[in-house]
């Protein structure tokens with residue numbers, strides 16, 4: 001049985017009692033609008049502002065920063081000043097998570113509406129728009145790849161190190177010589193951002209963030225329709241994918257192009273459910289032209305198209321798949337032609353595999369096997385990791401094929417199966433980066449969720465954000481830090497479904513009563529029962 005969320009799980013007493021009249025009709029027969037959970041929104045906004053301020057010292061700042069590189073503010077980047085900035089980052093993140101959990105309690109208890117979640121999302125995202133990159137430096141890679149294409153070089157053949165200047169010098173060393181693994185539409189976006197920002201690094205980061213935020217807007221616009229057709233609750237869906245720390249810190253604070261991909265994917269899927277097949281396939285094809293991962297959903301959308309046709313199953317499938325492939329070819333070809341790039345991105349898809357970490361299930365198995373063999377002598381890790389990654393890819397193909405066949409009736413089941421495969425696509429990929437978990441959640445959020453399942457998402461979100469340091473370097477092998485992160489994740493997960501998982505309210509309540517009693521006059525002691 002999933003744990004129930006009591007009325008005590010509401011954001012706080014004042015917000016709870018203010019909302020108790022929301023279900024009562026007014027004299028005019030209309031229900032009054034529920035008040036916003038202002039204190040919860042303010043708590044998250046304070047955390048977001050702390051993230052903004054501290055990111056200038058602890059985030060992915062410029063190598064040669066015109067503001068922080070010298071002068072009094074340079075203290076934020078070095079020595080004790082940087083230590084303080086890092087500490088403030090984690091304090092801000094803790095406040096943001098606390099606010100998110102409080103908001104989630106209200107959402108589960110039907111005390112916070114979609115309007116409240118959207119106001120919280122806006123308040124928490126606002127400071128991130130102008131912050132330096134947080135927990136990653138990927139945006140500099142995006143800009144470097146756009147600059148390559150803008151200068152007539154092939155971003156699928158060379159890395160940003162082929163150029164010089166402020167943009168290439170800020171690309172992480174791992175990606176300096178790495179070709180772009182992104183689709184042609186995103187290369188066109190990156191080129192456009194460089195042109196709009198006039199080659200200025202800081203302006204380019206902000207413009208890129210604003211462009212990618214368009215994906216979040218698309219996702220938010222698609223969720224009401226998806227929820228109606230897939231059986232979920234809109235406040236829960238918005239809380240999961242719009243207000244979450246994964247979105248605030250990674251997708252926006254990064255930023256990451258996955259945000260644009262999942263926005264196009266969500267709108268395209270909704271259009272398919274509405275019977276607008278050509279437009280739906282076109283938008284999901286465009287999502288794949290941002291990042292190839294979206295292509296995992298396309299076979300499932302074909303079943304939705306086929307379910308509206310007459311005749312035997314395979315005849316309906318053939319009548320759907322051929323026009324779907326035609327739409328895909330036209331859209332992808334147009335994106336490639338407009339971006340003026342080739343098809344080299346297909347061979348560059350393996351570039352992220354340079355990263356080895358245990359968040360990816362196949363890589364974790366390979367690392368574990370290598371560690372065991374290492375007990376008997378020095379060996380190279382790549383044969384182990386390469387083998388398990390290949391097996392992981394085979395397993396993913398099998399999972400995709402099985403789920404695809406189970407989705408043959410189309411409709412909501414096809415979308416559910418697509419979300420499942422997107423989740424497996426993240427965890428079975430050669431490398432799992434925290435924001436990859438948003439792929440499946442973009443569609444899965446529109447289904448019904450139990451409180452227990454939501455608590456798992458909370459725990460995973462906290463742990464995955466803390467898998468990296470604020471400057472973008474991985475923290476997964478700092479074992480004391482990992483232990484603290486796991487503890488924070490467990491506490492956050494429990495806090496969603498339990499009002500006080502640590503029992504602090506009873507402890508401090510007893511302490512308060514003891515102190516109060518000790519200061520009462522003797523007559524008061526004697527009069528107490």
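Projecting label points 7 angstrom from Cα along Cα→Cβ for residue 453 and residue 484 puts them 3.4 nm apart. Evaluated at q = 0.12, 0.15, 0.16, 0.21 Å⁻¹, the base-10 log of the normalised Debye intensity for segment 203-322, with identical point scatterers placed on the Cα atoms, takes the values -0.48, -0.70, -0.78, -1.14. Using C-alpha pairs under 8 Å with a sequence gap of at least 6, the mean separation divided by the residue count of the chain gives a relative contact order of 17 percent.
Solvent-free Debye calculation, one equal scatterer per alpha-carbon of segment 438-483: log10 I(q)/I(0) at 0.21, 0.22, 0.23 Å⁻¹ equals -0.78, -0.81, -0.84. Spacing of the modelled spin labels on residue 276 and residue 473, each 7 Å from Cα toward Cβ, amounts to 4.8 nm. Roughly what percent of Cα-Cα pairs across segment 159-253 reach past 20 Å? Here the tail beyond 20 Å accounts for 52 percent of pairs. Here is the size of segment 324-377 from its Cα atoms: Rg then Dmax, 19.3, 55 Å.
For residue 80 and residue 374, the FRET efficiency from 1/(1 + (r/R0)^6), where r spans their Cβ atoms and R0 equals 35 Å, is about 0.35. Working note: Cα gyration tensor of segment 153-202, eigenvalues times five, square-rooted, sorted largest first, giving semi-axes of 17, 15, 8 Å. Look at 462, 206 and count the other Cβ atoms within 10 Å of each Cβ; fewest to most, that gives 206, 462. Residues 119, 124, 239, 405 in ascending order of nearby Cβ atoms (within 10 Å, fewest first): 405, 119, 239, 124.
Principal axis analysis of the Cα atoms in segment 96-205 yields extents of 55, 27, 24 Å, listed in decreasing size.
Per the Kirkwood treatment, what hydrodynamic radius in Å, one decimal, follows for the chain from the mean inverse distance over all distinct Cα pairs? Write out the running numbers ahead of the final one.
Working: mean 1/r = 0.0402 Å⁻¹.
Taking the inverse mean of 1/r over all distinct Cα pairs, the chain comes out at 24.9 Å.
Its Cα gyration tensor gives segment 30-152 an equivalent ellipsoid. The semi-axes, each the square root of 5 times an eigenvalue, are 34, 20, 11 Å from largest down.
Per the Debye formula on identical point scatterers at the alpha carbon atoms of segment 370-515, with no solvent, log10 I(q)/I(0) at q = 0.21 Å⁻¹ is -1.30. Measure nothing fancy, just the Cα-based angle from helix 313-339's long axis to the longest principal axis of the chain, in degrees from 0 to 90, nearest 10. So the inclination is approximately 90 degrees. Counting only Cα atoms, the size of segment 418-496 along its three principal axes is 36, 32, 18 Å, in decreasing order. You can think of it this way: the chain between residue 38 and residue 329 has 99.9 nm of extra reach, that is 0.36 nm per residue less the Cα-Cα gap.
Pairs of C-alpha atoms in segment 271-418 farther apart than 26 Å represent 43 percent of all such pairs.
What the Kirkwood sum gives for segment 93-135 is a hydrodynamic radius of 11.4 Å, with every pair of different alpha carbons counted. Annotation: extensible slack from residue 164 through residue 346 equals 62.9 nm (criterion: 0.36 nm per residue apart, minus Cα-Cα distance). Seen against the Cα atoms of the chain and their longest principal axis, helix 451-465 is set at about 70 degrees. For segment 278-324, the pair-distance distribution built from all alpha carbon pairs, in bins 5 Å wide starting at 0, is 5, 24, 30, 19, 12, 6, 2, 0 percent. As a proxy for reagent exposure, 200, 65 were ordered by neighbouring Cβ count within 10 angstrom, fewest first; the result is 200, 65.
Its Cα gyration tensor gives segment 263-341 an equivalent ellipsoid; the semi-axes, largest first and in whole Å, are 23, 13, 9.
A short reminder: the numbers here are calculations on the coordinates, not readings from a lab. The structure presented is a predicted model; accordingly, all values stated were derived computationally and were not measured. Heads up, the Cβs are rebuilt from the backbone with ideal geometry, glycines too, and the neighbour counts pull from every protein chain shown.
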